[in-house]
Amino acid sequence: MFLSMNWISDFVDFTGLDKLELIRQFSLSTAEVENDIFFKGSQLSGVVVAEIKSVEPHPESKKLHLLKVDAGGEELTDVVCGAPNVRVGMKTAFAKVGAKIGDITIEPRPLAGFMSCGMCCSEAEIGISDDNSGIMDITDDIANGTDIKDVYEIDDIVFEVDNKSLTNRPDLWGHYGIAREFAALAGRELKPLDVEELKAYDGLQKVDLKIEDPLCYRYSCLQVENIKRSVSPVNMRIRLYYCGMRGINFLADLTNYLMLEMGQPMHAFDSRKVGKIRIKRFDKPFVFTTLDGVERNIDENTLMICNDNTPVAIAGIMGGLDSEIVEDTTTLTLESATFDAASIRKSTVRLAHRTDASMRYEKSLDPELTDVAIARFLNLLKKYDSGIKVVSALTDEYAYRYPKVELSFDKAFVDRYTGIQIDNDTIVKTLKSLGFGVSLDGDSFDVVVPSWRATKDVTIKADIIEEITRIYGYDNFEVNTTRSPLYPVRPDAVKTDEDKIKDMLVKRFGLHELHSYVWAYADEYKALGIPVEENIRLANATNPNIETIRNSIIPTQLCQVKTNVGYAADFGIFEVGRVVTGMDENNLCVEHKKLAVTLYSKTDDVKTLYLKLRDILAVVTDDIKHKTITFEQAAPTHSYEHPVNLNTVLLDGKELGVMGIVHPEVGKKIDKKAAIVFAEIDMQAFADAENASIVYDEPSKYPPMDYDISVIIPDGVLFADMAKCWLNEGGEILKNVRIVDTYDTPAFHSVTVRFEFSSKERTLSSAEVQEIMDRIVENLKGIEVYLR
Amino acid sequence: MEKIKTIMDEVKQKLSDVTDLGELDKVRVDYLGKKGRVTALLKGMKDLSNEEKKTFGAEVNKLKGFVAQKVDERIAELKQLEIEREIAAMPKFDITAPADLSRGSYHPITLVQRQCEAIFKSMGFTVEDYPEVVTDYECFESVNIPKHHPARDMQDTYYLENGQLLKSQTSAAQNAILRKYGKNLKENGVPIKAIFPGRCFRNEATDASHENTFFQMEGMMVDKDISISNLIFFMKTMLSEVFRRDVKVRLRPGFFPFVEPGFELDINCLICGGEGCSSCKHSGWLELCPCGMIHPNVLREGGIDPDEYTGFAFGLGLTRLAMMKYKIKDIRDLNSGSLKALSQFTDDE
């Protein structure tokens, strides 16, 4: 919303004050002012009112005329002018030689063979409207040669306030409300509005009016006739234009002017079409043509202004075409009303039609405004068109009154909330300047919220704090830390593990952390031949590609691997992100936080890569939990999983997640020559597993003894199977078993296994170790593992 | 005696001829070994008279000492030579060749988030995690945004088929956190101090500066007598720590339903220091985080009596912060999954 300092100055005397500084304060205390402040008229000088004394056609041009202009000097000035509307006796805006319009300085110059010593200007050229159809037609009686800035409010400071920052302030949707803020900030009086005394018309007949729907809070109207004026005063048009509105005609301009001044939207009906005003909704939908000529579908929830049963306007949004003021309108009915804000907002959304009026109504306007706005309207109407005649009494139905808001608090409350000392006098003065009624008894305040703040904005004591502090100025606050007691803070287990895992993956294993979206990327999955699995969907997705919430991060990561093929011959990525795996008994999403890891390699074979991933999971678990993960063969449940080497990852026998190899069909679509393996771990399950504590193992003083055996392992026998053969044989002294060498020929698979023995009490004898090894070798024979 | 002289010369010659320790040992054995030539001289003494034995023996012992000394000297020389050879054999490496910097990387959001977390952890705040799929109650109702509140229009929310939604703001966690820690506040006087970073979602078209998925970090503190003055302190402290400089802040009134009073917090532009530049649209200020005193309705809904307790809350755009910190121009890079873009971020603390 654009605001004119000239307009604001109608209501506050800023003499001696820096207006720009006040605008800055307004931005800090009330609502954000956009950065660009417009200094209207600053680019214009030397333009005067001048009269066209003669008009001669140009001998060679149909468009051009040769004028003699009286610009207040002793002699007439010759001007060549191309405007179509030139006529003798016309007064216009004339840029004299030496005048400046923007970057242009007017100089005498020959134009189509004749000297032109100045320029007659259109309103657009001097920046007071967008009318460029001809030169400005000045109808006011002004002496020739008068600087145009001395008669019209061309010089102005215009600033813009972001509408969003006014959402909660219905009172700031007009200059008068804004002026109240400026007055409070400047410490000056807010002047009362000049209004017409409406009581004078009480004797006249009332308009037939009835509110038939609770969505209309108040409806005030008045009938006026004999309006003669059609063009608005120049200054009014300038203000409207500076504030972003186009001039239309006097009546339309005046309703707009009122709206911009008081924030109260108004509408004028042709009284012939609106004799019996009813405000209601209809049972059935219908089509209604608004004054912009657009046919709109009205449903049963939309509040309408009607002439009996004929709709004439969409309440709070826009009037109808049929009831609009037309040329032969003699009597008009002026509407000034208040409606339910939520209803107007919903209607604008349904109609997809937002207007300057609806924008204001949505904010919960003060119903107390309606009659004042009419009184003000009449005041201005009479001022500019003295012959008008009021033909009805003010007709006013006030169906719903907002409750009066009264709040009581004491100074201790203010002190506690602010953390600083603001004295009672300042509090009283501030609140009074904003229109609050205040009474102070000792340290106790009783406050009456003014009607324009009481529709939703100020309802509780905390709101009063805002009023006091924003005018006090946050820049003036003394800043202090809290005095709260200290207690230890126990970190969240999942978060702690997450941080540790990320560190290990990045720093030890060189993986890259990536982020992705929470939904399945339908198009990218499709390119990899991965169907989007049934899962909960977005109800209002605007893009069908991102409709279904993912149940795993793995397919996302496979897409990311595809994106990064070519980045390097080998890389690994991970993400800690969220998935939805289904619905619970209350139909709520079951959400899990998962760690997903995917490795890609062109240099490692798939086995090496797979075991690398296994090691990553094992090391991470060992490091954080001091425990060993185990694996169990799993059956594939997703199309991207290779059916072989798919394993459930377990910790303490509880499922942590899954690790596997990408299905060749998907893998080939990513990279035919690379190995790709993945794992997904549930973060909550991981965090839930208790950490084993570290038990210090004192190094033995006696020499350890290693015993290697090389064995041939038949197909299908796992290390885990062999481990059972020494599980109960080694006793206290078998400390560790590991593979130290692998030897494969086409004929057999062989490994060298090292058994590490040691004792803390004694030097081991070869005999006792040999005895154990003999038993182990014997056990191994049981699973057909023989010494090589 | 002649022989002794001859041996001495021989030994000198031979020792100077040998070039490695193995050969040298052969020379040593050849003269000093049990069957060596010096030993043989001693053995040949038996035919001499006692007088001669005495003189000759002394000479041979001298010789023995001489040879042993020469051998030791030569050993030391050869060892020295060997080290020198080894040194000479070492080629000079080209350390100017580019280093292998292959290593892992963090997502930039993680780095910025950790930095913010560390600041608040150091001031005794807990870091809370919260789901991404939440209910209307969590995201709106419980934080004073009832149905049909205009604030709901300001956020284009992703709704799910079952009526739940993807949280549009981290404030969705406020109610749960107030409830989680409220008991300890009321019974033991332990203030609620929590931050809750998280991913948020808005149903909007994406471009270089708009994303439908982004990270925020929200924080709050509730206790007796928490004030606006405290809020400004924490904001200023946090932001000064984040940007590692004394950041100037200013508060403007801002409307957010879950706070009252609510503020928009600006910091002086980091690029121009407040002078005005294109980054701050020549205002000298950057709008950074909404904050305010927690609305009494929000406290009440969280089971906390607003007449007894007050609190502040703030929101910080982690995505925005990461973009500012690393000068990332296109917000979409963050979720692009591109390693070219995202593998550049190593530990930043």
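Before moving on, here are some points about what is shown:
This table checks each residue for (1) modelled with pLDDT under 95; (2) part of a strand (DSSP E or B).
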position: B:VAL190; (1), (2): yes, no
position: B:PHE215; (1), (2): no, yes
position: B:VAL222; (1), (2): no, yes
position: B:MET235; (1), (2): yes, no
position: B:GLU241; (1), (2): yes, no
position: B:ILE267; (1), (2): yes, yes
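- Some residue of the stretch B:41-64 being closer than 30 Å to B:ILE83 by Cβ and either assigned by TED's automatic domain parsing to the domain that holds B:ILE83 or charged (D, E, K, R) (or both): yes
- Residue match in the stretch A:420-430 (condition: without any contact (Cβ under 8 Å) to a residue 24 or more places away in the chain, touching a strand residue (DSSP E or B) at 6+ places or on another chain (Cβ under 8 Å) and not in a helix (DSSP H, G or I)): no
- When residues of the stretch A:453-495 are limited to those that are among the polar types (S, T, N, Q) and within 18 Å of A:ALA184 (Cβ to Cβ), the one farthest from the other protein chains (Cβ to nearest Cβ): A:ASN476
- Enumeration of residues in the stretch A:553-612 that are among the aliphatic types (A, V, I, L, M), at the interface with chain B (Cβ under 10 Å from one of its Cβ atoms) and over 29 Å from B:LEU165 (Cα atoms): A:VAL561, A:ALA568
- Qualifying residue in the stretch A:534-546 (condition: closer than 25 Å to B:ASP136 by Cβ, in contact with a helix residue (DSSP H, G or I) (Cβ under 8 Å, 6 or more places away or on another chain) and facing chain B (nearest Cβ under 7 Å)): yes
- Residue within the stretch A:38-48 that is under 46 Å from the mean Cα position of the chain (by Cα) and without any contact (Cβ under 8 Å) to a residue 12 or more places away in the chain present: no
- Test: residue in the stretch A:15-36 that is more than 14 Å from chain B (Cβ to nearest Cβ), out of contact with any helix residue (DSSP H, G or I) (no Cβ under 8 Å at 6 or more places or on another chain), of a type in the set (Asp, Glu) and assigned to a strand (DSSP E or B): no
- Top-ranked residue in the stretch A:497-525 [being part of a helix (DSSP H, G or I) and within 7 Å of chain B (Cβ to nearest Cβ); ranked as farthest from B:SER102 (Cα to Cα)]: A:LYS502
Here is a yes/no grid of residues against (1) farther than 30 Å from A:VAL777 by Cβ; (2) modelled with pLDDT under 95; (3) not in a strand (DSSP E or B):
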position	(1), (2), (3)
A:THR621	yes, no, yes
A:VAL649	yes, no, no
A:GLY657	yes, no, no
A:GLY660	yes, no, no
A:VAL677	yes, no, no
A:GLU680	yes, no, no
A:PHE686	yes, no, yes
A:TYR696	yes, yes, yes
A:PRO699	no, yes, yes
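- Number of positions in the stretch A:701-739 that are surrounded by 17 or more Cβ atoms within 10 Å (Cβ to Cβ) and either among the small types (Gly, Ala, Ser) or assigned to a helix (DSSP H, G or I) (or both): 4
- Checklist (1) touching a His at 6+ places or on another chain (Cβ under 7 Å); (2) part of a loop (DSSP other than H, G, I, E, B); (3) not charged (D, E, K, R) applied to A:GLY244, failing item: (1)
- Boolean, A:ASP171 is within 14 Å of another protein chain (Cβ to nearest Cβ), buried (at least 16 other Cβ atoms within 10 Å of the Cβ), touching an Asp or Glu at 6+ places or on another chain (Cβ under 7 Å) and over 21 Å from A:GLY46 (Cα atoms): yes
- Residue match in the stretch B:319-328 (condition: among the charged types (D, E, K, R), within 11 Å of chain A (Cβ to nearest Cβ) and in a helix (DSSP H, G or I)): no
- Residue check, A:PHE413 hydrophobic (A, V, I, L, M, F, W, C) and not assigned by TED's automatic domain parsing to the domain that holds A:THR459: no
- Selection status of B:PHE196, surrounded by fewer than 24 Cβ atoms within 10 Å (Cβ to Cβ), part of a strand (DSSP E or B), of a type outside the set (A, V, I, L, M) and at pLDDT 95 or above: yes
- The sole residue among A:LEU28, A:LEU20 that is surrounded by fewer than 16 Cβ atoms within 10 Å (Cβ to Cβ) and not assigned by TED's automatic domain parsing to the domain that holds A:CYS121 is A:LEU20.
- Yes/no for B:GLY303 being at positive phi, modelled with pLDDT under 95 and more than 8 Å from chain A (Cβ to nearest Cβ): no
- In the stretch A:607-644, the residues that are free of Cβ contacts under 8 Å to residues at least 40 places away in the same chain and touching a helix residue (DSSP H, G or I) at 6+ places or on another chain (Cβ under 6 Å): A:ILE629
- Considered as a group, the residues in the stretch A:539-558 that are at pLDDT 95 or above and not hydroxyl-bearing (Ser, Thr, Tyr) include one that is surrounded by the fewest Cβ atoms within 10 Å (Cβ to Cβ), and that residue is A:ASN551.
- Sole exception among (1) basic (Lys, Arg); (2) modelled with pLDDT of 95 or more; (3) surrounded by fewer than 22 Cβ atoms within 10 Å (Cβ to Cβ); (4) outside any strand (DSSP E or B) for A:ARG229, by number: (2)
- Just one of (1) under 34 Å from the mean Cα position of the chain (by Cα); (2) of a type outside the set (Phe, Trp, Tyr); (3) not in a helix (DSSP H, G or I) fails for A:ARG188. It is (1).
The values are calculated or read from the model by the stated rules, or taken from the named source; none is laboratory data. Keep in mind the model is a prediction, meaning the values are calculated, not measured. All Cβ positions, even for glycine, are placed from backbone atoms using ideal geometry, and neighbour counts span all protein chains on display.
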